[in-house]
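Bear in mind these aren't lab numbers, they're just calculated from the coordinates by the rules spelled out. What you see is a predicted model; the values in this text were computed from it and never measured. Every residue, glycine among them, receives a Cβ derived from its backbone with ideal geometry; neighbour counts consider all protein chains shown.
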Amino acid sequence: MTNHPILTTEDLTYIYQKGSKNEVPAIQDVSIDIMQGELVGIIGHTGSGKSTLIEHFNALKKGTSGRVLLDGADIWADRSKIRSVRFHVGVCFQYPEYQLFEETVAKDIAFGPKNMGLQQDEIDRRVSDALSFVGLSDAYKEKSPFDLSGGEKRRVAIAGIMAMEPQVLVLDEPCAGLDPRGRETVLRMIADYRAKTGCTVLLVSHSMEDVAAIADRILVMNQSRVAFFDTVERVFSHAEELQNMGLDIPQMTHLLLLLREKGIDVPVNLYTVSQVHAMLQSRLKGGNVNAE
Amino acid sequence: MSSFIEFQHVTFAYETEGEQPKPVLHDFSLSVEKGDFVAILGHNGCGKSTVAKLCNGIEIPQSGCVMVDGLDTKVEDNLLAIRQRVGIVFQNPDNQIVATIVEDDVAFGPENLGVEPKEIRRRVDEALKDVGMYDHRFAEPHKLSGGQKQRVAIAGIIAMQPACIVLDEPTAMLDPRGRKDVMKTVQMLNREFGITVLFITHYMDEAAKANRVIVMDKGSILLDGVPRDVFQQCDTLRKAGLDVPQATSLAQLLKQDGVSLPGKILTVEELAEQLAAVLH
């Protein structure tokens, strides 16, 4: 992670049905800096504005007011360059496996790079790289995407976006509908991809636990505005407010909040079993144990 | 209580052209009591969705049999009666809504059963009230959230007044709020109306709300019991690719350290209660 902002929004606001009686603000006054190489989790319940926000990052939506800067330049400054913005910011939508359409896995992954007008050998390299990023062997190249399991389809669809080698990869709920093992595989895959490529990754999720496991910072959206944008630990120190927003906080954070309610002074910014176990161990050793 | 759905030594494999059939279930036996709330937990590919499809004759076992309320699913003449007794709700709400208006969609089932129009009207209203979607009865389904659509799908099933509902990962595509609403609806149907529920999921927090949890792995039953007992088996659950309740997991670690935490801890609330006593 660097101190160079790759993606910036300035007072970004988007209002559905602008000018009518039924104006609905989807996002309001969003001003954030996302740093080059950072992995940011975006959290918020349905209707909080998180999906509308990511649609602005690759110019699928244009703010009613405010600006979006990619690497310092306003993405709407030159409308003829909008297409290249979409190559630099790759968005993988929910249930991307429904968008698979080609005869073979290789052709499907090659669709993006082909549209970018790349040479065949460069396309081939990218297809191979992308497959390895998602943990699938070259043996998958000639398979039909429709013969794969649900989890494999999901990974092929994500590989299709990775093959465009975007500067910013945006994944909307990449773990939705997967079982615990599938979820873990996809999360590890995303973390590895970031580590290997140094790419910026934005991960939209309902699950605080998933996001906490791999993100550097968390952006919490609530009622169309930014509620928090900070490190995982600092965001979880607001556990009570998160709960009041109707968000599911990690189970361990919930445990710590309950202990606090019972008058026990514990930190609330821990979120894994091992963190809480270590904290309790040191407390119990410290002589706070009720002698039995 | 008597057995309502009975799997007797069921073997089942999907036929794929030009390939050896992959066995999904082998000598699988299970008996679900009338009025019970049973959760089936397992990772993708363990055979749990196949169990759902066998329950009302969408799939037929290759050997052994599935009996619903004493009716064999293998006998074609039984199928209508079986499907009146067992309704299935699937994972993707968008794949099971057929009409353009919510109340029309709920009426689809009873209409096909040949129920009197007056009675359909009554059942549709009742069903929509039961799932908390009556205020949306004139809405267009595509404008609803995932959780709302799933509750409409459940209303469509209960309008057929089945004795049993099988739900195959009904919450997998929903957000946390939608998941809670669906779960509450299903619990209410079981408690208030005595509907037998078979709830298939990979969320252990949902399975913990059932009376009985069955953990499946590789087409057979790995664990079977009340949630509190099943979820103590942390190692077995992890090996089956499932999550374990974090409260149980932490309690076991602390017990190994010599901390006194009596009983089988399942929920965060229970652990907080006991830990508070130790820490004070």
Unit Cα scatterers, Debye sum, chain B: log10 I(q)/I(0) for q = 0.11, 0.15 Å⁻¹: -0.68, -1.14
√(5λ) per eigenvalue of the Cα gyration tensor, the protein assembly as shown, largest first, Å: 39, 32, 26
Separation of alpha-carbon centers, the stretch A:46-105 and the stretch A:205-235, rounded to whole Å: 20
nm² value of the averaged projected area, convex hull over the Cα atoms of the stretch B:57-174: 7.7
Amide proton proximity set for B:V89, modelled H, under 5 Å, gap of 5+: B:V166, B:L167, B:D168
As computed over the stretch A:122-205, the Cα convex hull volume per residue (Å³): 90
Using a Förster distance of 30 Å, the FRET efficiency for B:T100-A:F111 (Cβ separation, nearest 0.05): 0.35
Where Cα atoms sit under 12 Å apart: lysine pairs in the stretch B:3-244 separated by 8 or more or lying on different chains: 5
Taking B:I60, B:I97 and counting other C-beta atoms within 10 Å, the order from fewest to most: B:I60, B:I97
Residue of A:N269, A:N222, A:N115 that the Gaussian network model of chain A assigns the largest fluctuation, springs spanning Cα pairs under 10 Å: A:N115
Derived scalar couplings ³J(HN,Hα) [the stretch A:215-231; Karplus, 6.51 cos²θ - 1.76 cosθ + 1.60; whole Hz; x for Gly, Pro]: 7, 7, 9, 10, 9, 9, 9, 9, 6, 6, 10, 6, 8, 9, 8, 7, 5
B:M188-A:E10 FRET efficiency (beta carbon distance; Förster radius 51 Å; 0.05 resolution): 0.60
Mean residue ellipticity (222 nm) of the protein assembly as shown, computed from DSSP H runs ≥ 4 via -39,500 (n - 2.57), nearest 500: -11000 deg cm²/dmol
Cleavage-rule hits (chymotrypsin sites (Phe, Trp or Tyr not before Pro)) in the stretch B:108-154: DSSP loop, at most 15 neighbouring Cβ within 10 angstrom: B:F138
Loop chymotrypsin sites (Phe, Trp or Tyr not before Pro), the stretch A:97-186, which have at most 15 other Cβ atoms in a 10 Å radius of their Cβ (DSSP): A:F101
Dimensions in Å of the stretch A:5-239 - Rg and Dmax from alpha carbons: 17.7, 56
Contact order normalised by residue count of chain B, Cα under 8 Å, 6+ apart, percent: 21
Under 5 Å, built H, 5+ apart or other chain: amide partners of B:V215: B:L41, B:L222, B:L223, B:D224
Residues in the stretch B:75-118 reached by a label modelled at B:F138 [backbone nitrogen below 11 Å; 7 Å Cα→Cβ]: none
Degrees between helix A:150-162 axis and first principal axis of chain A (Cα, 0 to 90, nearest 10): 70
Where Cα atoms sit under 17 Å apart: lysine pairs in chain A separated by 8 or more or lying on different chains: 12
Principal axes of the stretch A:230-269: Cα extent on each, largest first, Å: 26, 20, 15
Share of Cα-Cα pairs in the stretch A:1-76 lying beyond 21 Å, as whole percent: 27
In order through the stretch A:72-89: 3J(HN,Hα) via Karplus (6.51 cos²θ - 1.76 cosθ + 1.60), integer Hz, x for Gly, Pro: x, 10, 4, 5, 9, 4, 10, 4, 5, 9, 4, 4, 6, 4, 6, 7, 7, 10
Distance histogram for the stretch A:166-219 (every C-alpha pair counted, 5 angstrom bins, percent rounded to whole numbers): 4, 19, 35, 27, 13, 3
